[in-house]
Every structure is written in C-alpha cells, then in structure tokens.
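Novice: If you scroll down you'll find the structure; I have some questions about it.
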Amino acid sequence: MKKTVSTPISRRLVLGAAVTAAGLALSGCGGGGSAPAAGGGNVELNFVYWGDATRAKMTDAAIKIFEEKNPGITVKSEYQDSGPYADKLATRFAGGNPPDVLNMANRSLLEYAQRGTLADLRSLQELDLADIPDTIQSRGEVDGKLYGLATGVTTIGMVVNKTITDQAGVIIPDDKTWSWEDYARFATEVTQKTGGKVYGAGYDVATETGPILFARQRGEDFYTKDNKLGVSEETIREWFQYSVDLRAAGGYPPAGFFEQIGGSAAQSYLAKGTVASQIIPINNYKAYNEAAGGNVVLLRMPGETTEKRRGYSADPSMLWSIAAKSKHPKEAAKLLNFLINDADGAAETLTQRGVPINPKVADAIKPKLGKDDIAFVDMVAAIQEDDLAPAYVYPKGASVVADTLKQLATEVEFGRVTPADAARTFLEKSNAAINK
C-alpha cells in the first residue's frame with residue numbers, strides 16, 4: 001500500500017472522492033439556531049444546516065466572508081440537531097416556505113427531487129462545477145439532473161480512547177485486519193479489566209450507516225441501483241444479534257444506559273470516559289480527540305478485510321441543495337458556489353464537514369490543518385486505495401426505513417423483540433415504504 005503521508009491533498013481528494021459520509025448521522029449534533037451573520041443588503045438568504053454550536057461558529061465566520069465579498073446579500077443561518085432538523089425541514093417545505101440553501105440528507109434527496117422541490121444545480125449559471133470531481137457530482141444526481149453536492153469528503157470510523165485501554169492493559173487490535181469478532185473480544189476485555197467502570201463499546205445500533213456498511217461486507221447492497229432495499233433479513237438479524245451478544249458478554253452497556261445527552265463530541269460517553277470506543281464520522285476526529293483528553297486513536301471499521309468485500313463506499317450523509325422555490329435563486333447559487341469553491345471561506349470551516357470537494361480548495365487549506373485533521377484526511381485517502389463497492393442514491397421512503405430501524409433497535413435493546421423478529425418486521429415495513 002502506498003504511503004499517504006506525502007500524498008498532496010488534491011490527490012487525496014481524487015482518491016477519496018468516492019467516500020462521503022455514511023456515519024455523519026451516527027453521532028448527531030446539538031441543536032439550536034445561530035444569529036444572522038453581520039452585514040446588510042437588499043437580499044436576505046435563509047440558510048439552514050445540520051450541526052452543533054462548534055460547526056455554527058465556524059460556519060458563521062465563513063458566512064461573514066461571503067457577505068463581505070457579496071455586498072447586497074445578507075445570510076440568515078439556522079442549525080439543528082439531526083432529528084429535529086429533518087422534521088423542521090419537512091414542515092418548511094410542506095408549508096411552502098423552504099429555505100434558500102440547505103443541507104439535504106442522502107436518504108431524502110430522491111424524494112425531494114422527484115417532488116420538484118429542489119433546483120437543478122447545473123441550471124444555475126452562478127454555480128461553477130468545473131473543479132468538482134464527477135464522482136462527487138454523481139452522488140447528487142437524480143434522473144440526469146443534479147440536486148445535491150456533498151458537503152465534504154468523509155466516512156465513518158472507530159475511535160478508541162487509548163488512555164483507558166493503556167490503564168486497563170488492553171491492546172488495541174490492528175484495524176487493517178480486525179474482524180467484528182476481534183472488536184467484540186476487545187470491548188469485552190476492556191469492560192472486564194476496568195471492573196465494569198468503562199464499557200469497551202458504545203456505538204449506535206440504531207443509525208443505518210452501521211448496517212449499510214455491515215451489509216456491504218456481506219456482499220449485499222443495502223440500497224440497490226434500481227432504488228430498492230437490497231439487504232437481507234439475515235443480515236439485519238445479525239446486526240441486531242451482534243449488539244445483543246456483546247451486551248450479554250459485558251462489552252456493551254446495559255439497556256437504558258444511553259440517554260439523550262446531545263450528540264456533540266464534548267457530550268459523548270467517550271469524552272465522559274464511560275465507554276472506550278465509538279463509531280463516528282471521521283471528520284469529527286479532532287473534536288473527539290480534544291474532548292476525550294487528546295489520546296484517542298482513529299481506526300478503520302472492523303471487518304473490512306475479513307468479510308466478503310469492503311464496507312466502505314460513496315455515501316454522502318448530507319448534501320448542499322437549493323430550493324426550487326427560492327425567491328433568490330441567483331444569490332442562493334452564489335452562496336453555494338462560495339461554500340464549495342471559496343478558499344477563504346474554507347479556511348474558516350476547514351475539514352469540519354469533511355475534506356472540501358474542490359481539490360484546489362483542499363490544497364489551499366492544507367497549511368492550516370493540524371495533525372488530527374491530517375490523520376482523518378490520510379485515512380480517507382488510504383481507504384480509497386481499496387477496491388470499494390458501489391453506492392447508490394437512497395430510494396424514496398428511506399426516511400421511513402431509518403425510523404423503523406431506530407424503533408426496532410430500541411425494542412431489541414430492552415428485550416421486547418428478538419433480533420429475528422425485529423429483522424422480519426424491518427424488512428416488511430421497509431419494503432412497504434420504499435418508493436410508495
């Protein structure tokens with residue numbers, strides 16, 4: 001395998017362009033609303049996105065630069081945690097009052113696009129796509145039109161608090177060769193050697209990015225090219241059963257352990273020191289490392305070399321879109337163009353949403369990146385050296401699939417439903433919702 005340390009970021013982006021966030025939704029973010037950025041003008045754009053206070057601070061700094069470069073345009077920005085965000089966005093569109101520029105979830109893109117609620121980005125002259133790789137653009141295409149652009153290049157990974165494992169005398173397995181069985185043994189050993197004060201694993205069972213990767217490793221496409229559900233009942237059963245078995249062995253916390261504490265790195269159980277490992281969107285590695293004391297290691301997901309094929313692929317969790325009914329489409333396109341092509345703005349947000357999708361912008365921010373950001377960028381590039389499985393736009397009804405998974409994960413957690421029954425119900429409800 002090539003050494004990625006010396007690889008220019010522009011080449012890393014080309015290598016990593018097919019890998020976009022499956023796990024953003026894994027960790028969630030704190031909700032709220034940011035104040036409008038300073039400035040004045042004749043046009044006010046409403047800009048809404050998924051994120052927490054840290055992301056909002058960095059985004060507002062970039063917006064201020066946009067306003068300075070575009071006199072006459074003021075941007076009113078709002079941000080929300082992932083759950084409330086989806087609900088409020090749906091309400092806004094249903095009420096005929098959509099935001100101008102917004103984050104669109106991968107699972108919702110097809111549905112919103114086919115309803116005619118999103119603008120074809122290629123029709124907007126103010127948006128320059130010349131430097132955006134085709135792989136990136138393809139992930140936002142529906143019926144030959146472009147309705148979304150990935151907010152950044154990232155993926156999911158495992159983080160482990162090495163301070164905890166060192167104190168417990170537990171060796172972290174090699175993430176280039178470890179299996180799911182290896183991870184279970186590791187997690188259980190951590191719990192045992194800390195006397196139950198720290199649980200070895202604390203990942204989210206209820207978010208679909210996990211089983212999407214899990215299914216690919218087993219040779220299945222969770223969602224297929226023809227916009228159907230391709231995951232088998234057996235794979236979903238195994239996904240649920242794995243957490244049940246890990247909990248029974250002591251490596252995973254008991255039912256009810258996880259509370260609604262917010263999704264930021266600072267609020268995480270990893271930062272609290274009550275779990276030793278967690279699955280995160282790896283662009284958040286810096287935040288988790290800092291929140292947990294600075295001795296957190298970033299690892300690939302288990303099973304990548306022990307199963308039928310790689311689980312990593314091109315799965316943008318969030319994209320930038322423009323509402324078809326925006327009252328200011330030209331100005332909205334200018335804002336989106338700024339978000340993807342402006343190096344000054346990117347110098348404020350850095351890799352908070354992933355590696356910038358424009359390779360030239362990625363190169364421009366390189367001098368400002370710290371070691372944690374470089375570690376994440378290197379992982380994206382290294383993963384792209386593997387033979388990765390294809391990924392497809394999520395079908396209509398994917399939001400119902402995600403909600404069904406969450407509901408059933410809770411039922412399995414508290415023992416009210418068996419993994420086998422949960423898997424059967426999941427397939428029944430999901431297939432009933434797909435493309436309806």
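The values are calculated or read from the model by the stated rules, or taken from the named source; none is laboratory data. Because the structure is a prediction, the values reported are computed rather than measured. For neighbour counting, all protein chains shown are included, and Cβ atoms are generated from backbone atoms with ideal geometry for every residue, glycine included. Ligands, DNA and RNA are stripped out before the accessible areas are found, and what is left, the full protein with its side chains, is counted by its heavy atoms. Shrake-Rupley method; radii C 1.70, N 1.55, O 1.52, S 1.80 Å.
Novice: Tell me, what HN-Hα J-couplings in whole Hz come from the Karplus equation 6.51 cos²θ - 1.76 cosθ + 1.60 at θ = phi - 60° for each residue of region 84-100, using x for Gly and Pro?
Specialist: x, 4, 4, 5, 5, 5, 4, 5, 4, 5, 4, x, x, 10, x, x, 6
Novice: Rank these residues by their accessible area, most exposed first, probe 1.4 Å: Lys272, Lys334. Don't skip to the end; give the middle numbers.
Specialist: Details: Lys272 120, Lys334 90 Å².
Greatest to least solvent exposure: Lys272, Lys334.
Novice: Given only helices, namely DSSP H runs of n ≥ 4 each adding -39500 (n - 2.57), what is the per-residue ellipticity at 222 nm of the chain, to the nearest 500 deg cm²/dmol? Intermediate results must be reported in sequence, preceding the final value.
Specialist: On the way: 18 runs with 184 residues, N = 436.
Only helices count here, giving -12500 deg cm²/dmol.
Novice: A further question follows. Please label the shape of region 311-353 as rounded, prolate or oblate, based on the square roots a ≥ b ≥ c of the eigenvalues of the alpha-carbon gyration tensor (a/c under 1.5 means rounded; beyond that, a/b larger than b/c means prolate, else oblate). Please list the in-between numbers first.
Specialist: Details: a/c = 3.42, a/b = 1.30, b/c = 2.63.
Since a/c reaches 1.5 but b/c is at least a/b, the shape of region 311-353 is classed as oblate.
Novice: Sticking with this one: Order the peptides 103-114, 221-232 from the highest to the lowest mean number of other Cβ atoms within 10 Å of their residues.
Specialist: Working: 103-114: 23.1, 221-232: 17.4.
Ranked from most to least packed, the peptides come out as 103-114, 221-232.
Novice: So, one more: Need one number: % antiparallel among DSSP beta bridges in the chain, to the nearest 5.
Specialist: Numbers: 22 of 36 bridges.
About 60 percent, rounded to the nearest 5.
Novice: Let me ask something else about it. Averaged per residue, what accessible area in Å² does region 55-97 show with a 1.4 Å probe, protein chains only? Let's see the in-between values first.
Specialist: Working: 2070 Å² over 43 residues.
Here the residues of region 55-97 average 48 Å² of exposed surface.
Novice: Under a Cβ-Cβ cut-off of 15 Å, what is the net charge of the residues other than Lys406 that fall near it, where Lys and Arg count +1 and Asp and Glu count -1? It would help to have the intermediate numbers written out before the result.
Specialist: On the way: positive: Arg107, Arg416, Lys429; negative: Asp81, Asp87, Asp204, Glu208, Asp403, Glu411, Glu413.
Once positives and negatives cancel, what remains is -4.
Novice: Could you report region 282-342's accessible area per residue, 1.4 Å probe, as an integer in Å²? Mind showing how you got there, number by number?
Specialist: Working: 2150 Å² over 61 residues.
Using a 1.4 Å probe on heavy atoms only, each residue of region 282-342 averages 35 Å².
Novice: How would region 254-403 be classified by its alpha-carbon gyration tensor: rounded, prolate or oblate, with rounded meaning a/c under 1.5 and the a/b versus b/c comparison settling the rest? Intermediate results must be reported in sequence, preceding the final value.
Specialist: Numbers: a/c = 1.42, a/b = 1.30, b/c = 1.10.
It comes out rounded by the Cα gyration axes.
Novice: Ignoring everything but the protein chains, give the 1.4 Å probe accessible area of Thr163 in square angstrom, nearest 10.
Specialist: Its heavy atoms expose roughly 50 Å² to the probe.
Novice: With +1 assigned to the C-beta of every Lys and Arg and -1 to the C-beta of every Asp and Glu, and no other charges, what is the dipole magnitude of the chain about the Cα centre in debye, to the nearest 20? List each step's numbers first, then the result.
Specialist: On the way: 48 positive and 53 negative charges, 44 e Å.
Its charge dipole is roughly 220 debye.
Novice: Run the accessible area of the chain with a 1.4 Å probe and give the carbon-and-sulfur part as a rounded percent.
Specialist: Ligands and nucleic acids excluded, carbon and sulfur give 49 percent.
Novice: Please state the relative contact order of the chain as a whole percent: Cα pairs under 8 Å, 6+ residues apart?
Specialist: Working: 915 pairs, mean separation 125.8, N = 436.
Averaging sequence separation for qualifying contacts and normalising by length gives 29 percent for the chain.
Novice: Lys and Arg at +1, Asp and Glu at -1: add these up for the other residues within a Cβ distance under 11 Å of Val244 and post the number. It would help to have the intermediate numbers written out before the result.
Specialist: Values: positive: Arg237, Arg247; negative: Glu238, Asp245, Glu413.
With Lys, Arg at +1 and Asp, Glu at -1, the net is -1.
Novice: Can you compute the label reach from Thr274? Point 7 Å from Cα along the Cβ direction, backbone N cut-off under 12 Å, restricted to region 176-204.
Specialist: It comes to 197-199, nothing else.
Novice: I want to verify a result. In a Gaussian network model of the chain, Cα cutoff 10 Å, which of these has the top mean-square fluctuation: Leu339, Leu124, Leu350?
Specialist: The residue that fluctuates most here is Leu124.
Novice: Here's a follow-up. Quick one: check the C-alpha center-to-center distance for region 375-401 versus region 94-127, whole angstrom.
Specialist: 22 Å
Novice: Just to confirm, what accessible area per residue do you get for region 156-242 at 1.4 Å probe, in whole Å²? Don't skip to the answer; put the middle values down first.
Specialist: Values: 3290 Å² over 87 residues.
Using a 1.4 Å probe on heavy atoms only, each residue of region 156-242 averages 38 Å².
Novice: Under the Karplus relation 6.51 cos²θ - 1.76 cosθ + 1.60, θ = phi - 60°, what is the ordered set of whole-Hz ³J(HN,Hα) values for region 290-307, x standing for Gly and Pro?
Specialist: In residue order, the calculated couplings are 5, 5, 9, x, x, 10, 9, 9, 9, 10, 6, 5, x, x, 5, 10, 10, 9 Hz.
Novice: Could you pull the accessible area for Glu78 with a 1.4 Å probe, rounded to 10 Å²?
Specialist: Surface open to solvent at Glu78 totals about 60 Å².
Novice: Rounded to whole Å, give me the distance from the Cα center of region 278-322 to that of region 162-233.
Specialist: If we compute the Cα centre of each part, the gap is 12 Å.
Novice: Evaluate the Debye formula for region 70-167 with equal point scatterers sitting on the alpha carbons, no solvent, and hand back log10 of I(q)/I(0) at q = 0.13, 0.18, 0.20, 0.23 Å⁻¹, in q order, two decimals.
Specialist: Once normalised to I(0) and log-transformed, intensities are -0.61, -1.01, -1.18, -1.40.
Novice: Between region 347-365 and region 133-150, what is the C-alpha centre distance in whole Å?
Specialist: So the separation of the two Cα centres works out to 19 Å.
Novice: For region 205-291, what class follows from the C-alpha gyration tensor (a ≥ b ≥ c being the square roots of its eigenvalues): rounded when a/c is under 1.5, otherwise prolate if a/b is larger than b/c, else oblate?
Specialist: On the way: a/c = 2.63, a/b = 1.53, b/c = 1.72.
Judged from the Cα gyration tensor, region 205-291 comes out oblate (a/c at least 1.5, b/c at or above a/b).
Novice: Let me ask something additional. For a protection proxy built on the mean count of beta-carbon atoms within 10 angstrom, sort 87-94, 155-162 highest first, please.
Specialist: Details: 87-94: 14.4, 155-162: 24.6.
Put in order of decreasing packing, that is 155-162, 87-94.
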